[in-house]
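Reading through the structure tokens given below for one structure.
The values are calculated or read from the model by the stated rules, or taken from the named source; none is laboratory data. These numbers were taken from a predicted model, which means no experiment stands behind them. FYI the Cβ positions are ideal-geometry reconstructions off the backbone, even for glycines, and counts take in every protein chain you see. Just the protein is used for accessible areas: all its heavy atoms, side chains included, with ligands, DNA and RNA removed. Shrake-Rupley method; radii C 1.70, N 1.55, O 1.52, S 1.80 Å.
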Amino acid sequence: MAALARALQLTPDEHSHLRELAQPRRHRTAPKPPPERVSPDTAELVATLAQPAILLGRRGDVLAWNPLGHAFFAGHLDHSSPQRLADRPNMTKLIFLDAHTRALYRNWAVKARAVVGNLRLTAGKYPEDRELSALIGEMATRSPEFATMWADHRVRACDSTVHQMHHPVAGEIVVKQQTLRIPHAPDQTLTVVTAQPGSAAEATLTLLGQAVAMGQPEARAEPRITSSPR
């Protein structure tokens with residue numbers, strides 16, 4: 001397998017995906033997996049982070065976010081929606097189908113390809129996951145852009161990426177999104193948003209956090225603070 005990966009010049013993520021596909025699948029009809037839960041320790045970690053943070057399950061469902069993460073990523077959605085299984089937002093659907101989320105990313109295609117790449121890695125690891133298959137089928141039907149990217153067969157784990165974003169409250173802001181695995185729940189990932197220390201973006205996140213703490217983030221919509229790459 002290693003020799004084949006070298007011959008094909010696969011990236012580490014592609015090599016990992018190839019190993020998953022090569023595993024024998026003895027049980028083609030797998031039982032429906034239980035709903036994903038957030039452990040008390042993970043919930044405490046998300047809640048206490050001072051930066052925007054969002055916890056995703058293996059299919060990209062939003063399992064939890066802290067108040068600043070909610071305001072940064074999806075302030076137009078009900079803050080309590082991740083707590084209800086039937087109402088949990090899904091990151092793939094938000095990126096491809098939700099106008100608010102699409103507008104956040106100046107280079108939307110980069111974020112979209114990262115989401116598809118992560119989803120393909122998960123599909124290779126859990127080929128019998130019927131809910132995951134249903135999600136992929138729904139997205140391929142509803143979004144021609146998703147269908148095109150999915151057919152590209154690229155796989156890539158998105159661990160750390162700099163994004164230029166256009167936030168409806170914070171305005172133009174350049175941030176880094178870092179994705180971390182939860183040790184006791186490896187299928188769950190925590191995305192934390194940070195800004196360069198001392199930058200205008202860091203000041204913007206601080207002001208957004210203050211607005212969230214006051215309970216009225218929309219009050220900071222005007223004037224907007226604009227940051228630029230350094």
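At a glance:
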item: Checking ALA112 against (1) without any contact (Cβ under 8 Å) to a residue 60 or more places away in the chain; (2) among the hydrophobic types (A, V, I, L, M, F, W, C); (3) open to solvent by 20 Å² or more (accessible area, probe 1.4 Å), the condition it does not meet; result: (3)
item: Count of residues meeting criterion [touching a residue at least 24 places away in the same chain (Cβ under 8 Å), part of a strand (DSSP E or B) and either buried (at least 20 other Cβ atoms within 10 Å of the Cβ) or not acidic (Asp, Glu) (or both)] in segment 177-197; result: 9
item: LEU94 being surrounded by 15 or more Cβ atoms within 10 Å (Cβ to Cβ), modelled with pLDDT of 95 or more, touching a Leu at 6+ places or on another chain (Cβ under 9 Å) and more than 21 Å from GLY209 (Cα to Cα); result: yes
item: Residue that is most open to solvent (accessible area, probe 1.4 Å) [pool: residues in segment 160-176 that are polar (S, T, N, Q) and over 11 Å from LEU104 (Cβ atoms)]; result: SER160
item: Residue that is least open to solvent (accessible area, probe 1.4 Å) [pool: residues in segment 116-159 that are of a type in the set (Asp, Glu) and more than 17 Å from the chain's Cα centre (by Cα)]; result: ASP129
item: Conditions (1) modelled with pLDDT under 90; (2) under 22 Å from GLU44 (Cβ atoms); (3) not small (Gly, Ala, Ser): number failed by ASP152; result: (2)
